[in-house]
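A short worksheet on the structure shown next.
The values are calculated or read from the model by the stated rules, or taken from the named source; none is laboratory data. Keep in mind that this is a model prediction, so the values were computed, not measured. As a convention, Cβ positions derive from the backbone with ideal geometry for all residues, glycine included, and neighbour counts pool all protein chains shown. In case anyone asks, the SASA skips ligands and DNA or RNA and just uses the protein heavy atoms, side chains included. Shrake-Rupley method; radii C 1.70, N 1.55, O 1.52, S 1.80 Å.
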Amino acid sequence: MFLIKIIFVNKKSYTVFVLFIAIVAHAQKLKKEDRQLVTNLQKHIHFLADDKLEGRRTGTSGEANASLYLSNQFTSIGLQPKGTNGFLQPFDVNEGKQMNPSSFLTIDGKSLVPIKEFFPLVISPNVTLEGLSSMALQEAGTPWFFDLKDLLESNANNPHFNLTESIVKSTRESARRGATAVFLYNSSNKQDELKFDGKEKLEPVSIPVIYLTKEAVNKYLSDVSATLDVKLKVDISDKKRNGTNVLGYINNGAPTTVILGAHFDHLGRGEDGNTREVEKKGQIHNGADDNASGTAALIELARLLKSAKLKNNNYLFIGFSGEELGLYGSKHFTNHPTIDLDKVNYMINMDMVGRLNDSTHTLTVGGYGTSPSWGQVYNTTGKKKLYADDLSFRFDSSGTGPSDHTSFYLKSIPVLFYFTGLHPDYHKPSDDFDKINYTGEMKIVKHILSLVEAQDKQKTKLVFTKTREMQTTTSARFSVTMGIMPDYTFNGVGVRVDGVSDDKPAQKAGLKTGDVILSIGDYKTGTLEGYMQVLGKFKKGDKATVTYTRNGQTLSSAVEF
């Protein structure tokens, strides 16, 4: 390798030039086809990880440009479109709730400013009402007013106090006694931390709950004995954005299909709270390794397999979006497949394959236990052994994990997951294209190609085997598990079960896929993070009652950890 020192005015241009010189210098030692593969990988990753795509956040123009690039590549390779709209398969990402502009509140004919002076709590139903009310009286058929002061001050030292749950309980009692709405305000110095939280998951109440800020109370409610003319409209709806999968197909007329996939979305500017950058917020996260690297490998495998003479399987190539939000794209595909999932032979997922360590050369292969065929093919020796060069392998038997192969494993499809490991730039703005080990990724692509070639010669559909399931990543710390795979895309109250592990507490308690866990013992599990926090309250040997819904019916079972 050699380096030419040239001064450029543009720092990014200099970085690209130096990277190009380094690649060309190393590529001179490679075979022609390997040099072409390295060049192609560099081109794809450089495009996908460019600032112009602004981090490829799901639902943005950057993600749309990435999906267009991917579909154009599939077109040039000669793949058939296999989405629901050409190469594309759009899907919704539900982000919770939003307060719509038609919402309003007037008191004595004066309009209050949304958010600044009032907002409904997300538990409120959509209603339009008007009526006369007094802050000092609570009469049936009128809105009621509540000062949170006494509640906050009396529970100031209560670690188990939950203000929102207390509000829900008191609102239901108020509705039972005839209140048409509840207006909350806080005259104390204690912070209540209430806001319109569209992602909060609580059971809705039957009457609207409206929070009035201190500014609004001082401005409109200075006379507590006055009769107020209140007019209110609450209009809350689902907040959604659209993601897009990209699907290309090689139809060999075979009885089985092999799926190769990689997610192409990333974090944008960290708006969804999944960045690891703690100081400089709002920077573009280019996601070169995560997962422009896997997407580039997907494109090149499509190119190589299109020209290969493998005819015993069809091949479906899927670029997933929404992975960073919780496997939305792969979950949508497996629930709305464009091919028959019963005829899928196996699925290969590539996520972060661009940082092969030049010292250890270690490639992690997940899903190794999902079929006995994986052990057989990896243990093949002689001329039929897989391409490895200087690669070394770290095997993980589990078919689940924080990436898209999980969605296929949960449909009883054998999977493999390729991954070169975490690094300091993971989920940070510094995950840039100039840090990719392009020669290392070239070797990984050739290795996966050799595995696909070896499996194509078998002419039989792989046998699926269940494996242990990895714990979900969370900020919570716990020593017990229920043994479920949660549905990351579920937007309702509770934790929906997407899979149940054998011989674990959930299975022994009778829980099934599709059940929604509402509570464990005395603790509610309204959200996935809340569920994890609840698990932290138990230790091995503890017993509790798990409450859940199944097909609209509320059930409960005894569980022992």
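What residue, of Ala226, Ala254, Ala216, is farther than 30 Å from Ile107 by Cα and either open to solvent by less than 10 Å² (accessible area, probe 1.4 Å) or in contact (Cβ under 8 Å) with a residue 24 or more places away in the chain (or both)?
Details: Ala226 fails: farther than 30 Å from Ile107 by Cα; Ala216 fails: farther than 30 Å from Ile107 by Cα.
Only one candidate passes the filter, namely Ala254.
Which is within 21 Å of the chain's Cα centre (by Cα), open to solvent by 30 Å² or more (accessible area, probe 1.4 Å) and more than 13 Å from Asn291 (Cβ to Cβ), of Thr60, Thr75, Thr39?
On the way: Thr75 fails: within 21 Å of the chain's Cα centre (by Cα); Thr39 fails: within 21 Å of the chain's Cα centre (by Cα).
When all the criteria are applied, what remains is Thr60.
Pick from Gly367, Gly322, Gly329, Gly354: which is buried (at least 24 other Cβ atoms within 10 Å of the Cβ) and either farther than 29 Å from Glu271 by Cα or free of Cβ contacts under 8 Å to residues at least 60 places away in the same chain (or both)?
Going through Gly367, Gly322, Gly329, Gly354 in turn, the sole match is Gly367.
Against the conditions (1) without any contact (Cβ under 8 Å) to a residue 40 or more places away in the chain; (2) in a loop (DSSP other than H, G, I, E, B); (3) not β-branched (Val, Ile, Thr), where does Gly510 fall short? Just the number, please.
Going through (1) without any contact (Cβ under 8 Å) to a residue 40 or more places away in the chain; (2) in a loop (DSSP other than H, G, I, E, B); (3) not β-branched (Val, Ile, Thr) one by one, Gly510 breaks only (1).
Need the failing condition index for Gly552 against (1) in contact (Cβ under 8 Å) with a residue 24 or more places away in the chain; (2) open to solvent by 40 Å² or more (accessible area, probe 1.4 Å); (3) closer than 21 Å to Pro204 by Cβ, just the number.
Of (1) in contact (Cβ under 8 Å) with a residue 24 or more places away in the chain; (2) open to solvent by 40 Å² or more (accessible area, probe 1.4 Å); (3) closer than 21 Å to Pro204 by Cβ, only one is false for Gly552: (1).
Mind checking which helices (runs of 4 or more DSSP H) fall wholly inside the range 372-457 and carry at least 1 residues that are crowded, with 20+ Cβ neighbours inside 10 Å and under 22 Å from the mean Cα position of the chain (by Cα)?
On the way: elements: 372-378, 405-409, 438-456.
Correct list: 405-409.
On the basis of being over 17 Å from Gly294 (Cα atoms), touching a Ser or Thr at 6+ places or on another chain (Cβ under 9 Å), surrounded by 14 or more Cβ atoms within 10 Å (Cβ to Cβ) and modelled with pLDDT under 95, does Leu30 make the cut?
Working: over 17 Å from Gly294 (Cα atoms): yes; touching a Ser or Thr at 6+ places or on another chain (Cβ under 9 Å): yes; surrounded by 14 or more Cβ atoms within 10 Å (Cβ to Cβ): yes; modelled with pLDDT under 95: yes.
For Leu30, the condition - over 17 Å from Gly294 (Cα atoms), touching a Ser or Thr at 6+ places or on another chain (Cβ under 9 Å), surrounded by 14 or more Cβ atoms within 10 Å (Cβ to Cβ) and modelled with pLDDT under 95 - is met.
Within the range 127-158, count every residue that is open to solvent by less than 80 Å² (accessible area, probe 1.4 Å) and in a strand (DSSP E or B).
Residues flagged as open to solvent by less than 80 Å² (accessible area, probe 1.4 Å) and in a strand (DSSP E or B) within the range 127-158 amount to 10.
Would you mind stating whether Ser124 is open to solvent by less than 40 Å² (accessible area, probe 1.4 Å) and either among the polar types (S, T, N, Q) or free of Cβ contacts under 8 Å to residues at least 24 places away in the same chain (or both)?
yes
Let me confirm something: among Leu79, Leu88, Leu137, which residue is modelled with pLDDT under 95 and among the hydrophobic types (A, V, I, L, M, F, W, C)?
Working: Leu79 fails: modelled with pLDDT under 95; Leu88 fails: modelled with pLDDT under 95.
It is Leu137.
Specify the residue that is nearest to Lys201 (Cα to Cα); the eligible residues are those in the range 490-499 that are open to solvent by 20 Å² or more (accessible area, probe 1.4 Å) and hydrophobic (A, V, I, L, M, F, W, C).
The initial filter retains those residues of the range 490-499 that are open to solvent by 20 Å² or more (accessible area, probe 1.4 Å), namely 490-493, 496, 498.
Pick out the ones that are also hydrophobic (A, V, I, L, M, F, W, C) and you get 490, 493.
On the way: Phe490: 11, Val493: 5 Å.
Selected residue: Val493.
Surrounded by fewer than 20 Cβ atoms within 10 Å (Cβ to Cβ) and of a type in the set (D, E, K, R): does that describe Asp487?
On the way: surrounded by fewer than 20 Cβ atoms within 10 Å (Cβ to Cβ): no; of a type in the set (D, E, K, R): yes.
In short, no.
Out of all the residues in the range 159-177, which are open to solvent by 100 Å² or more (accessible area, probe 1.4 Å) and either in a strand (DSSP E or B) or at pLDDT below 90 (or both)?
Going residue by residue through the range 159-177, those that are open to solvent by 100 Å² or more (accessible area, probe 1.4 Å) are 159-160, 169, 172, 176-177.
Residues satisfying the conditions are Pro159, His160.
Residue pairs, Cβ under 8 Å, 6 or more apart or interchain, first in the range 70-91 and in contact (Cβ under 8 Å) with a residue 60 or more places away in the chain, second among the charged types (D, E, K, R). List them.
Ile77/Arg303; Ile77/Lys306; Gly78/Lys306; Leu79/Lys306
Given the condition touching a helix residue (DSSP H, G or I) at 6+ places or on another chain (Cβ under 8 Å) and aliphatic (A, V, I, L, M), answer yes or no: does some residue in the range 420-431 qualify?
No - not one qualifying residue is present in the range 420-431.
Which of the residues spanning the range 229-251 are of a type in the set (Gly, Ala, Ser) and crowded, with 17+ Cβ neighbours inside 10 Å?
Step one: filter the range 229-251 for residues of a type in the set (Gly, Ala, Ser), giving 237, 243, 248.
Selection gives Gly243, Gly248.
Out of Leu316, Leu298, report the one residue that is assigned to a helix (DSSP H, G or I), on the phi < 0 side of the Ramachandran plot, buried (at least 24 other Cβ atoms within 10 Å of the Cβ) and in contact with a Gly (Cβ under 8 Å, 6 or more places away or on another chain). Full working, then the answer.
Working: Leu316 fails: assigned to a helix (DSSP H, G or I).
Matching residue, one of Leu316, Leu298: Leu298.
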